[in-house]
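**Q** Structure incoming, see below.
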Amino acid sequence: MPKLKKAAKMENLEQMINFVLEGIKNKNFNGKNKFLKKLRLVCEEAMVNIINYAYEDGVGDIEIFYDFSEEENMFILKLIDKGVAFNPLEIKEPDLDLSLEYRQIGGLGIYMIKTIMDNVEYKRENNQNILTLSKVFD
Amino acid sequence: MEAKLEFNIQEKGGIVKITLEGQLDATNANSLLEELKKLTDKNIKEMVFFVKNLEYIASAGVRTLIFSKQKIGKNADIYLIAPQDEVLEVMKMVGLNNFLIIQDEYNE
């Protein structure tokens, strides 16, 4: 799997997102162009969570892996950090029926990720947060 | 680095017009929010976001819209004018499309 390791800082966000987008640009699968736009959103939301919350002193890395399995037509994105334990799947989902006045500010990003991707998996292993996102195409 | 977001904010008679161009994401949503916060004490009736040239909005940008209603224009109608498909799709994804006034054009 192609891998990139960068300091978890907002100034590196664009480079980290582009690493993933450039990597699957040349793959062939149904609905690619539409998915690439949504994948930018998925990457941003997942990486920004780590940048903002993983490292209390603000210093630490994000490791990014991705893969596209031609056999299964499946895209996988894996993000690893060594920050505080954080399971995004435990965050309460936003109530989409509430009007703007009553909306909670949190939980939107992970909700977007779950909406776009087919599968979101979280593991805590060896003091690492491992977030694996995948989507299968027709 | 070239700025990913350009914005312009004008307030007159309780109507705020905000033009957004480029990408509204986690790297720049705060700078927009800081500018909008300056309007907190005004009696805002309408907040009109002109987004024809906004190509991308992430959750940080969505939060700016929510914040606009909650902190700046509690009694204001929030307009989204001429959103591109990608932006509209995000609004639908998070269920904000029913609570914003989404139009192709803004009539003064």
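Read-outs throughout are calculated quantities, based only on the coordinates presented, and are distinct from any laboratory measurement. The shown structure was predicted, so the numbers you read here are calculated from the model rather than taken from an experiment. A quick note on method: Cβ atoms are made from the backbone with ideal geometry, for glycine too, and the neighbour counts reach across all protein chains shown.
**Q** In the set A:K82, A:K38, A:K25, which member is without any contact (Cβ under 8 Å) to a residue 12 or more places away in the chain and not hydrophobic (A, V, I, L, M, F, W, C)?
**A** One residue alone meets the criteria, A:K25.
**Q** State all residues of the range B:1-32 that are under 11 Å from the mean Cα position of the chain (by Cα) and closer than 23 Å to A:V42 by Cβ; if no residue qualifies, say none.
**A** B:L20, B:L24, B:A29, B:L32
**Q** Okay, moving on. Looking at the range B:5-99, what strands (runs of 3 or more DSSP E) fall wholly within it and have at least 2 residues that are within 16 Å of A:L108 (Cα to Cα) and more than 9 Å from chain A (Cβ to nearest Cβ)?
**A** Working: elements: B:5-12, B:15-24, B:46-57, B:77-81.
Correct list: empty, since no element meets the threshold.
**Q** Now, a different point. Please go through (1) surrounded by fewer than 16 Cβ atoms within 10 Å (Cβ to Cβ); (2) farther than 15 Å from A:I62 by Cα for A:I116 and return the number of the only condition it doesn't satisfy.
**A** Of the numbered conditions (1) surrounded by fewer than 16 Cβ atoms within 10 Å (Cβ to Cβ); (2) farther than 15 Å from A:I62 by Cα, the odd one out for A:I116 is (1).
**Q** Does A:Y66 meet the test of being more than 11 Å from every other protein chain (Cβ to nearest Cβ), touching a Pro at 6+ places or on another chain (Cβ under 7 Å) and buried (at least 18 other Cβ atoms within 10 Å of the Cβ)?
**A** yes
**Q** On to the next question. Could you tell me which of the residues A:G106, A:G83 is within 14 Å of chain B (Cβ to nearest Cβ), under 18 Å from A:V48 (Cβ atoms) and either assigned to a helix (DSSP H, G or I) or not polar (S, T, N, Q) (or both)?
**A** Matching residue, one of A:G106, A:G83: A:G106.
**Q** Let me ask something else about it. Kindly provide the set of residues from the range A:41-63 that are among the charged types (D, E, K, R) and surrounded by 21 or more Cβ atoms within 10 Å (Cβ to Cβ), ordered by number.
**A** A:E44, A:E45, listed by residue number.
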